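J.: Here's a structure for you.
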């Protein structure tokens, strides 16, 4: 019964001291003096804002990427007890005491440090020697640019960490595949691959490139399995489904969950509200929700409404009118109707109120019970304060002469009849009898006589001259090509009008809306909208002092100054280890040339290296050269502003290639003993030069010690580098 | 519609005036040639769509395009026949192309697309033919088809840069071919070398030579100054008869006191310009505007002065001529207004991060912000500065910024001229480089400009740079509704060729929806078939010889066509320029060929399951007939689209086309 006690309880632990030592060195190099400099460094000014907004739970939109990375940074702030009170306005500003600099920078630094052991493991899993693996890890350790990038509140090091993790776990999974399919660890590494991929994509969209690469490699491996006649169809199917689950379904679910957490955390309205639709804004606490709470849902005849243009570009605006008229002649000599101006006004104003009127009836109040307006109904829109009717006619609009002018009709008795009937078309309707709903319905107003569509001009510079108070132009568009958002309007504020008399009505228009109902968007609707905005929101192309083109990166012709001490010459630059960059390029070149040579020779049935070594060579190259290519080449097609740090993921893969090529050269090309020892000596010499360069540049990597002017001038190895030298 | 473009360019060839277009010249030269041969005199102005041709002889040009367009059908027929060895498949493809309204409309008018598609299909056909000659290499027919491929490639590239995609297709096919030959151990390396050389000769050197010859003809024909001059550099302009730089002579080296014009080196850069108008209130300092202006004008003239000395001693004819040297500090005085070129730390009107450039001072007396250091790119200090040939950088002395032109157009107050700024970012771009074009100094001897006659290679390079820039400059404007690539295969929206109103004679470019949707379904179907076939083969299932043949057609033949479709469609998703519906038509040709092959093999495969061969044949024949009849009937329904229609718009229920408006986005 107590048989199990017969044998002693033994715990055997195998500790790879290499790995431990590397991790410790990685931690030291990345974490040493982390809270220096105690000032805003480069893009911290950008990410810091978002951390603050997370702390305050205020909603924001960042078009640079998905929210997982920002959330991780915010987690650091949360753990350090940051209250979010810091004005992120300029690079180099001193942090106040309430900012936990160390914990904000800790997560990226940890991620950067862990890349070192990860590199070691990847090479081991690629079945290269421990010596080569050690070399790869040391190269990552001594790469100045990776150190700089991971020591601050930036996202690249986290991205690289997840990319390497995904690659490592896929390799582990693949190596387990041969003997123990569907075992516990097999599942673990497979699932970890999917999770790491989705994390990488969640930090920055660049992660997508590596994800695609891994998918392609997994697809290729599976294709080889299909050719394996020993596997039954059923087990093939199981393999396929397992991969589909882990590599497609789980990443998608994780990605959605990032947004779910993001939207749950940020429930207050904030500076970026205006970008979103009214419905989205109404779901945030404060802001629009405070106004729209309790509005009636269905627009009825007699409703008082404000109409917001759906496009929201170049700025959000509401349909507006005021007592001023169009000038009789414009500056360029064209004539106008001289009727009351109708514009799109970017601010809330009592003149934004309109009343929906039934053309067949005189009254401007909602009857009891209210008669809802449906799709296809014909209405008149009456301006609340001036009680004039929205009108359009065949007169050229002030700024867009090919479109019709829109005005509020004034009867001058000059044989220009009122044309004020508009057909309501709900674009996002479900059936043709849909009711026009507040906030939710996107509506086109089609003019009955001319079939022109009410449109906010929306191009940049569409603001009217002085006579129109720089408000935006509104026109009737005759040639309506498709459904452009500038032709869509939605009701934002809404109430049922009760006042018969104009005087009372004005009082009513000035009073805030009161009644109460709540509208909640589903998570998927919010997600789709936010995702769409992130992808389509375009910042104006900004020129930046340190922006560079993708071609400059290979040769490192450019650098980025991150920080400069306010008084001394101490400074931090994103500047790589020149020897490592150069050798990485050489390694890639050697790899490609050798592979081509081998390939052609193999095609002629000449085998230079054993089959096993060839397989290793190909799989290592597939990961490293492939990883470099997918993370680098797409930048040539991109039109956004590019910086040197975009190259770092590609560089990491390229660095991993160096020891692979070296080991291959040593094993297969150096045949004689003499050559081998010479080769080793060369490697030692080369490695010490790497270390020397690391030491030389470490002052601009860590920002200490402060260098004198001559020392700084000596560091300027390339003319194109921009090292800051204080004028005496 | 676009006839206004290409017809006009045809006229330019006939009149031999120089013009600029974003496409290479072959297509327009052919149009011009056709017009010339058919007796068109090149005098019709082609001003706006819908103008009547009156007595002008335009039929030749249209007929030429239509002829090339109709060649597509036999080409596609032969290609499919070669790939699938099945007559019905080839017939089906031919019927699809014959009865597609879009193809008909596109090839009826004076456009580049029929010419492009002709060369493209020609290249594909000769490539396929050449592949089938592979069993007897170096035979006469093999050489013929191989070199014909090369000729067609040059043609396709020479009409539009989209021809590059078919070059890639042929290139990939050739690499695959060579790889196959390399693995064939019965061939010696010498034979393989011969194969390689033959392909290099026919597919690289021959097309390149033809392509260059095409440009040589283009430049030889167009030797008169015309509307395209301003896009090109000073050296280029000196080649054109009638341009004011043609055969003029100016002093060679820049000297103090010279009157000069200064041209920006950016493509279509413009001259440094100033005039009596001030920057408006709120735009930097209220000083005189400095802009870049594309046209020649007296306000482009500037006088070079020393920074420290006055004007008086320079105008004295007896004083010795002093040359401007690299690194000198100078002052530029505007000749008409006598104001100095000036910059200061106010933000520029449009590019907010740059500094404003103004005209400042009265009669040449200003302040130290008027000083500029003049430097020649790639030259040492103390060297003289050459007119026209030196690329010059002007650095503002007190702020260290560089004079440049941002390329943005100023609003009304700046007369829609181009903004000039002083950029603090010290990057070497053509935006911040200038050269001196006109140079007037009575004290210096004139030399002839012929010394800077650019070589053919330089002209070729420059015209390509200008074309590429022009192409990437065709950006959609804000909020303009443009056609998106995903619209195309689903035939979402057509293109109005002529006529807008109810009374006009309207032609609308829209594919025959039945055919296009059939094509779309077929692409999905093909992918399904290809994957299942490949998996079956990979699993090592034993197939009958008939099925093996079918799978070969699906994978090899269909694969080539599918690759062609992908190459002619996917790149458009990455293009930033304005896209139009007609860009899809080359891809549509491939898609139609794929339809022919896929349905033929599918019907064969289904019929193969039926045991008696007579029923099998009936099923096969019936299916084929049904498809053909379907395309014919749909053509009968939609033919007014391409042959023109009169009457109310289709959105009006009384129109005869009312029932055919199957999608809301169609506007015929």
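J.: Take the range B:13-32 and flag every residue that is farther than 19 Å from residue B:114 by Cα and surrounded by fewer than 22 Cβ atoms within 10 Å (Cβ to Cβ).
T.: B:14, B:15, B:16, B:17, B:19, B:20
J.: Additional query: I'm trying to understand the selection: among the residues of the range B:169-194, which are away from chain A (no Cβ under 12 Å), surrounded by fewer than 17 Cβ atoms within 10 Å (Cβ to Cβ) and closer than 16 Å to residue B:131 by Cα? Talk me through it step by step, then tell me what you get.
T.: We begin by selecting, within the range B:169-194, every residue away from chain A (no Cβ under 12 Å); these are B:169-177, B:190-191, B:193-194.
In the following step, the residues that additionally are surrounded by fewer than 17 Cβ atoms within 10 Å (Cβ to Cβ) were identified as B:171-172, B:175-177, B:190-191, B:193-194.
Hits for the range B:169-194 are B:171, B:172, B:175, B:176, B:177.
J.: Would you confirm whether or not the range A:607-614 contains a residue that is within 14 Å of chain B (Cβ to nearest Cβ), modelled with pLDDT under 95 and surrounded by fewer than 19 Cβ atoms within 10 Å (Cβ to Cβ)?
T.: Yes - at least one qualifying residue is present in the range A:607-614.
J.: More than 14 Å from every other protein chain (Cβ to nearest Cβ) and modelled with pLDDT of 85 or more - does that describe any residue in the range B:573-580?
T.: No: zero hits.
J.: Let me ask something else. Inspect all residues belonging to the range B:607-617 and state whether any of them is within 14 Å of chain A (Cβ to nearest Cβ) and without any contact (Cβ under 8 Å) to a residue 40 or more places away in the chain.
T.: no
J.: Listed residues A:207, A:184; which is more than 14 Å from chain B (Cβ to nearest Cβ) and either under 22 Å from residue A:128 (Cβ atoms) or crowded, with 16+ Cβ neighbours inside 10 Å (or both)?
T.: Answer to the check: A:207.
J.: I would also like to ask the following. Please work out which residue is surrounded by the most Cβ atoms within 10 Å (Cβ to Cβ), limiting yourself to the range B:416-438 and to residues that are more than 14 Å from every other protein chain (Cβ to nearest Cβ) and either in a loop (DSSP other than H, G, I, E, B) or touching a helix residue (DSSP H, G or I) at 6+ places or on another chain (Cβ under 6 Å) (or both).
T.: As a first pass, look at the range B:416-438 and keep what is more than 14 Å from every other protein chain (Cβ to nearest Cβ): B:417-418, B:420, B:430, B:433-438.
From the residues that got through so far, the ones that are either in a loop (DSSP other than H, G, I, E, B) or touching a helix residue (DSSP H, G or I) at 6+ places or on another chain (Cβ under 6 Å) (or both) too are B:417, B:433, B:437.
Working: B:417: 18, B:433: 23, B:437: 20.
The selected residue is B:433.
J.: Of all residues being surrounded by fewer than 16 Cβ atoms within 10 Å (Cβ to Cβ) and not in a helix (DSSP H, G or I) in the range B:50-91, which is modelled with the highest pLDDT? Just the residue, please.
T.: Ranking the candidates gives B:85 first.
Residues are listed down the side, and each one gets a yes or a no for (1) farther than 21 Å from residue B:444 by Cα; (2) assigned to a strand (DSSP E or B); (3) under 42 Å from the mean Cα position of the chain (by Cα):
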| residue | (1), (2), (3) |
| --- | --- |
| B:333 | no, yes, yes |
| B:342 | yes, yes, yes |
| B:350 | yes, no, yes |
| B:353 | yes, no, yes |
| B:356 | yes, yes, yes |
| B:373 | yes, yes, yes |
| B:399 | yes, no, yes |
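This table checks each residue for (1) within 19 Å of residue A:340 (Cβ to Cβ); (2) in a loop (DSSP other than H, G, I, E, B); (3) touching a helix residue (DSSP H, G or I) at 6+ places or on another chain (Cβ under 8 Å).
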site: A:390; (1), (2), (3): yes, no, no
site: A:395; (1), (2), (3): yes, no, no
site: A:399; (1), (2), (3): yes, yes, no
site: A:412; (1), (2), (3): yes, yes, no
site: A:425; (1), (2), (3): no, no, no
site: A:431; (1), (2), (3): no, yes, no
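J.: Looking at the range A:490-498, is at least one residue within 14 Å of chain B (Cβ to nearest Cβ) and at pLDDT 80 or above?
T.: Looking for residues that are within 14 Å of chain B (Cβ to nearest Cβ) and at pLDDT 80 or above, one finds none in the range A:490-498, hence no.
J.: Name the residues in the range B:531-554 that are surrounded by fewer than 17 Cβ atoms within 10 Å (Cβ to Cβ) and within 42 Å of the chain's Cα centre (by Cα), would you?
T.: Across the range B:531-554, the qualifying residues are B:531, B:532, B:534, B:535, B:549, B:552.
Each row is one residue, and each column tells you yes or no for (1) in contact with a helix residue (DSSP H, G or I) (Cβ under 6 Å, 6 or more places away or on another chain); (2) not assigned by the TED database to the domain that holds residue A:380.
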{"site": "A:193", "(1), (2)": "yes, yes"}
{"site": "A:198", "(1), (2)": "yes, yes"}
{"site": "A:208", "(1), (2)": "yes, yes"}
{"site": "A:211", "(1), (2)": "yes, yes"}
{"site": "A:217", "(1), (2)": "no, yes"}
{"site": "A:233", "(1), (2)": "no, yes"}
{"site": "A:301", "(1), (2)": "no, no"}
{"site": "A:310", "(1), (2)": "yes, no"}
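J.: Considering each of B:101, B:105 in turn, give the residue that is touching a strand residue (DSSP E or B) at 6+ places or on another chain (Cβ under 6 Å) and within 23 Å of residue B:508 (Cα to Cα).
T.: Matching residue, one of B:101, B:105: B:105.
J.: Quick check on the range A:460-467. Is at least one of its residues more than 25 Å from residue A:324 (Cβ to Cβ), assigned by the TED database to the domain that holds residue A:365 and at pLDDT 75 or above?
T.: There is no residue in the range A:460-467 that is more than 25 Å from residue A:324 (Cβ to Cβ), assigned by the TED database to the domain that holds residue A:365 and at pLDDT 75 or above.
J.: Would you check which residues across the range A:525-556 are modelled with pLDDT of 85 or more and either in the same structural domain as residue A:90 (by the TED database) or in a loop (DSSP other than H, G, I, E, B) (or both) and list them?
T.: A:555, A:556
J.: Among the residues that make up the range B:521-530, is at least one of them at pLDDT below 90 and surrounded by 15 or more Cβ atoms within 10 Å (Cβ to Cβ)? Before you say what the answer is, go through the steps one by one.
T.: Within the range B:521-530, the subset at pLDDT below 90 is none.
No: the range B:521-530 contains no residue that is at pLDDT below 90 and surrounded by 15 or more Cβ atoms within 10 Å (Cβ to Cβ).
J.: In the range B:401-415, what residues are within 11 Å of chain A (Cβ to nearest Cβ) and not in a strand (DSSP E or B)?
T.: Those that are within 11 Å of chain A (Cβ to nearest Cβ) and not in a strand (DSSP E or B): B:411, B:412.
J.: Could you check how many residues of the range A:551-584 are surrounded by fewer than 18 Cβ atoms within 10 Å (Cβ to Cβ) and in contact with a helix residue (DSSP H, G or I) (Cβ under 9 Å, 6 or more places away or on another chain)?
T.: The total comes to 5.
J.: Moving on to the next point. Being under 30 Å from residue B:622 (Cβ atoms), over 20 Å from the mean Cα position of the chain (by Cα) and at pLDDT below 90: is that true of residue B:557 here?
T.: yes
J.: Residue by residue through the range A:701-710, note down the ones that are closer than 28 Å to residue A:109 by Cα and surrounded by fewer than 14 Cβ atoms within 10 Å (Cβ to Cβ).
T.: Within the range A:701-710, the first condition is being closer than 28 Å to residue A:109 by Cα, and the residues that meet it are A:701-707.
Scanning the range A:701-710 gives a single hit, A:705.
J.: Does residue B:147 satisfy the condition of being away from chain A (no Cβ under 14 Å), over 26 Å from the mean Cα position of the chain (by Cα) and more than 19 Å from residue B:556 (Cβ to Cβ)? So that I can check it myself, show each step before the final result.
T.: Working: away from chain A (no Cβ under 14 Å): yes; over 26 Å from the mean Cα position of the chain (by Cα): no; more than 19 Å from residue B:556 (Cβ to Cβ): yes.
So residue B:147 fails the test.
J.: If you go through the range B:533-569, how many residues are assigned to a helix (DSSP H, G or I) and within 12 Å of chain A (Cβ to nearest Cβ)?
T.: 5
J.: With respect to residue A:444, determine if the residue is crowded, with 18+ Cβ neighbours inside 10 Å, in a loop (DSSP other than H, G, I, E, B) and within 14 Å of chain B (Cβ to nearest Cβ). Lay out the reasoning, then the answer.
T.: Values: crowded, with 18+ Cβ neighbours inside 10 Å: yes; in a loop (DSSP other than H, G, I, E, B): no; within 14 Å of chain B (Cβ to nearest Cβ): yes.
No; evaluated as a whole, the condition is false for this residue.
Results for (1) touching a residue at least 60 places away in the same chain (Cβ under 8 Å); (2) more than 14 Å from chain B (Cβ to nearest Cβ); (3) in contact with a strand residue (DSSP E or B) (Cβ under 6 Å, 6 or more places away or on another chain), shown as yes or no for each residue.
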position: A:202; (1), (2), (3): yes, yes, no
position: A:220; (1), (2), (3): no, no, no
position: A:225; (1), (2), (3): no, no, no
position: A:240; (1), (2), (3): no, no, no
position: A:246; (1), (2), (3): no, yes, no
position: A:251; (1), (2), (3): no, yes, no
position: A:254; (1), (2), (3): yes, yes, no
position: A:261; (1), (2), (3): yes, yes, no
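The values are calculated or read from the model by the stated rules, or taken from the named source; none is laboratory data. Small disclaimer: the values here were computed from a predicted structure and weren't measured. Note that each Cβ is placed from the backbone with ideal geometry, even for glycine, and that neighbours are counted across all protein chains shown.
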